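Here's the structure, in structure tokens; my notes come after.
The values are calculated or read from the model by the stated rules, or taken from the named source; none is laboratory data. This structure is a prediction, so every number in the text was calculated from the model and none was measured. Don't worry about glycine lacking a Cβ; one is built from the backbone with ideal geometry, like all the others, and counts go over all protein chains shown.
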């Protein structure tokens, strides 16, 4: 998967509650909660090609070449969730 694809999939989730999961080819599932104080606040592709996800409580860098699936599961009160 490319960094631009991951950014385009996750950008609409900025500010929403739920959980975001990714399946990486070498490690399996990577997931994090997007709760009231840890919502996704930004997604950008860095010059080196890594994807930086920013949350109110921190950030993470992801190698898009290892990602084979992206899943968002909204909180039950707001959404049934969806595969991206």
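Which residues, taken from the stretch 56-65, are surrounded by 15 or more Cβ atoms within 10 Å (Cβ to Cβ) and in a strand (DSSP E or B)?
If the condition is that a residue be surrounded by 15 or more Cβ atoms within 10 Å (Cβ to Cβ) and in a strand (DSSP E or B), then 62 is the only one that fits.
For residues in the stretch 9-27 being farther than 14 Å from residue 63 by Cβ and without any contact (Cβ under 8 Å) to a residue 60 or more places away in the chain, which is surrounded by the most Cβ atoms within 10 Å (Cβ to Cβ)?
20
For the stretch 33-55, enumerate the residues that are under 15 Å from residue 67 (Cα atoms) and outside any strand (DSSP E or B).
Answer for the stretch 33-55, where residues must be under 15 Å from residue 67 (Cα atoms) and outside any strand (DSSP E or B): 49, 50.
Being more than 9 Å from the chain's Cα centre (by Cα) and either touching a residue at least 12 places away in the same chain (Cβ under 8 Å) or outside any strand (DSSP E or B) (or both) is true for just one of 30, 6. Which residue is that?
30
Please identify the pairs in which a residue from the stretch 46-62 that is closer than 14 Å to residue 13 by Cβ has its Cβ atom under 9 Å from the Cβ atom of a residue that is assigned to a loop (DSSP other than H, G, I, E, B) and at pLDDT 95 or above, counting only partners at least 6 apart or on another chain.
As it stands, the answer is none, since no pair meets every condition given.
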